[in-house]
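The values are calculated or read from the model by the stated rules, or taken from the named source; none is laboratory data. Keep in mind the model is a prediction, meaning the values are calculated, not measured. With ideal geometry, Cβ positions are generated from the backbone for all residues, glycine too; neighbour counts draw on all protein chains shown.
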């Protein structure tokens with residue numbers, strides 16, 4: 001199973017001498033914002049020379065001392081390299097340096113996952129505004145997976161006519177893709193698929209089960 005991850009780099013700068021070293025907080029979490037412990041993150045320069053490494057604690061974090069520059073960052077689990085990325089922390093202008101740097105590694109090993117808390121208006125493909133944060137997280141994820149294609153799959157419960165549910169699920173998948181494309185994702189990365197009511201994951205005879213069946217999934221295509 002292929003592992004996927006990406007970086008957010010957050011910082012603020014203070015007026016001190018340029019190019020001094022600084023402490024960087026490395027955080028590793030999964031797509032559901034749960035900490036990943038015992039994950040090893042290694043830093044190399046662009047020539048492949050090892051610089052430093054650390055292993056996350058139970059809170060999914062550790063500290064590294066760094067300097068401005070470009071780095072090759074490797075994520076390892078159980079001693080195996082899962083993915084590599086290049087990050088850039090350029091020298092700042094006006095004698096400023098980085099302070100309170102946080103490098104956030106979002107780790108996701110599932111090929112398929114449900115977008116929890118993604119909601120639509122009742123019997124509609126209009127996305128509820130409260131669902132924008134989860135879609136924005138998906139945007140960030142996809143921007144760092146530009147070499148892959150993904151299926152956005154819509155599912156419904158079994159209330160109503162089957163053909164209507166099929167169309168609704170297709171339109172909801174298309175609505176999600178429209179949001180992603182409007183926020184910078186290449187449409188060629190995405191495929192919309194509606195499955196209607198035919199693949200339930202819970203009992204449709206209860207309100208709780210029907211709520212679970214009304215879902216949107218993301219699946220990485222081979």
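Here 187, 173 are screened, and the one residue that is at pLDDT 95 or above, surrounded by fewer than 19 Cβ atoms within 10 Å (Cβ to Cβ) and on the phi < 0 side of the Ramachandran plot is 187.
Taking first residues from the stretch 189-204 that are over 8 Å from residue 170 (Cα atoms) and assigned by TED's automatic domain parsing to the domain that holds residue 157 and partners that are at pLDDT 95 or above and assigned to a loop (DSSP other than H, G, I, E, B), the Cβ contacts under 6 Å between residues at least 6 apart in sequence or on separate chains come to 197/156; 197/158; 204/157; 204/158.
Output the strands (runs of 3 or more DSSP E) that fall wholly within the stretch 58-172 and possess 1 or more residues being within 17 Å of the chain's Cα centre (by Cα), closer than 26 Å to residue 21 by Cβ and touching a residue at least 60 places away in the same chain (Cβ under 8 Å), or say none. It would help to see each step written out before you state the result.
Working: elements: 61-66, 69-77, 80-89, 96-108, 112-114, 149-155.
Where strands (runs of 3 or more DSSP E) fall fully within the stretch 58-172 and carry at least 1 residues being within 17 Å of the chain's Cα centre (by Cα), closer than 26 Å to residue 21 by Cβ and touching a residue at least 60 places away in the same chain (Cβ under 8 Å), they are 69-77, 80-89, 96-108.
When the residues of the stretch 175-217 are narrowed to those that are in contact with a helix residue (DSSP H, G or I) (Cβ under 8 Å, 6 or more places away or on another chain) and in a helix (DSSP H, G or I), which ends up nearest to residue 140 (Cα to Cα)? The extreme case among them is 180.
Looking at residue 120, is it assigned by TED's automatic domain parsing to the domain that holds residue 44, surrounded by 12 or more Cβ atoms within 10 Å (Cβ to Cβ) and modelled with pLDDT of 80 or more? Spell out how you get there, then give the answer.
Values: assigned by TED's automatic domain parsing to the domain that holds residue 44: no; surrounded by 12 or more Cβ atoms within 10 Å (Cβ to Cβ): yes; modelled with pLDDT of 80 or more: yes.
Considered against the rule, which asks whether it is assigned by TED's automatic domain parsing to the domain that holds residue 44, surrounded by 12 or more Cβ atoms within 10 Å (Cβ to Cβ) and modelled with pLDDT of 80 or more, residue 120 comes out as no.
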